[in-house]
Amino acid sequence: MAAAKECSATYHYPIVPPSLARKNRPLSDTESERRHYARTAFERRRSCDLSGQTVWVITAEDLILAKLNWARDSHSEFQLNDVRAMLRGEDLDRFYIEKWVHDLALHSIWEMVKP
């Protein structure tokens, strides 16, 4: 495991492992994609030092996707404004974001915020 790095990003959200429960029924395609994404986001998390403690944080790209997902139905301006600000201020993997926007069916909300 890599050594913890100093946290330098503006957004520090601890990440929790995705639940892999619900073994009693098959998953829909949407549920399957969301599970696949959750595992991918978990694997991409980063460790950093925060006041002498090692913490795991979500990547900026995955935070953007989480905020888009949260705003999917509510169209929360709070979430959308956060995404707009992150898109202006970060060196992001746009290919990764757009791949998951497609796979998670976040097209309409993405169109509201993409530069």
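The values are calculated or read from the model by the stated rules, or taken from the named source; none is laboratory data. As the structure is a prediction and not an experimental result, all values here were calculated from the model. So basically every Cβ, Gly included, is an ideal-geometry build from the backbone, and we count neighbours across all protein chains shown. Side chains included, ligands, DNA and RNA excluded: accessible areas come from the protein's heavy atoms. Shrake-Rupley method; radii C 1.70, N 1.55, O 1.52, S 1.80 Å.
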Q | Net +/- balance of residues flanking residue 44 in space, Cβ distance below 13 Å, scoring K and R +1, D and E -1 | A | 0
Q | With every protein chain in place, region 69-115: carbon and sulfur % of accessible area (1.4 Å) | A | 52
Q) Using a simple spin-label model with points 7 Å from Cα along the Cα→Cβ vector, what separation in nm is obtained for residue 90 and residue 78? A) 1.9
Q. Under a 1.4 Å probe, what is the accessible area of region 44-96 per residue, stated in Å²?
A. 55
Q. Going highest first, how would you order 42-52, 65-75 by mean Cβ packing within 10 Å?
A. 65-75, 42-52
